[in-house]
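What follows is calculated from the coordinates using simple rules that are stated; it is not laboratory data. Computed from a predicted model, the values in this text were never measured in an experiment. Because the Cβ atoms are built from the backbone with ideal geometry, glycine has one as well, and the counts that use them run over all protein chains shown.
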Amino acid sequence: MDGTHCGNEIQHQKVDKLINSWLRYAPVTFERAEPASVRISFNSNEPSWSYIGDELLDILPPKPTTNLSLVDGESSEISSLDQGVILHQIGHILGLIHEHDLTPKGVRVIDDVDGKQLVPLSVNFTNQTSSLSTITSG
């Protein structure tokens, strides 16, 4: 990746401060690693989005698996928007979908960022560690 969507130190620090907030709800942790299964970009030309659950394992590097475009890179203060975007997209990484994306029988009928039709994912929360990387210029 050319580095134009790698984010800045302020954005990286906000993600680092909030990402493990999910420990209160699920026995998961994130750590920086290469190669990473979760690759975060900050592409302001796209909305914030994330692949859901183990979908992201099918996305080959260096393509991002999550985009946090709405996270402010100017102020080091974590705003409610920053917090909401980061925690929301991390929820998707963990396999959580929007309630309104379910039919009465629980079949997911929305399209993902590549336009594929999706079906529900099973999420088995075990004590696992997921690797995490922010896209950096190379």
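Using θ = phi - 60° and the Karplus curve 6.51 cos²θ - 1.76 cosθ + 1.60, what whole-Hz ³J(HN,Hα) does each residue of the stretch 19-33 get, with Gly and Pro shown as x?
4, 7, 4, 5, 4, 5, 10, 8, x, 10, 9, 10, 9, 6, 7
Can you sort Val85, Val71 from fewest to most other Cβ atoms within 10 Å of each residue's own Cβ?
The order, fewest Cβ neighbours first, is Val85, Val71.
Put a dot 7 Å past each Cα toward the Cβ at Lys63 and Tyr25; how far apart are the dots in nm?
2.7 nm
At 0.36 nm per residue, minus the direct Cα-Cα distance, what do Glu9 and Ala33 gain on full extension? Give it in nm, one decimal, please. Mind dumping the intermediate values first?
Details: separation 24, 0.36 × 24 = 8.64 nm, distance 1.73 nm.
Between Glu9 and Ala33, full extension yields 6.9 nm more.
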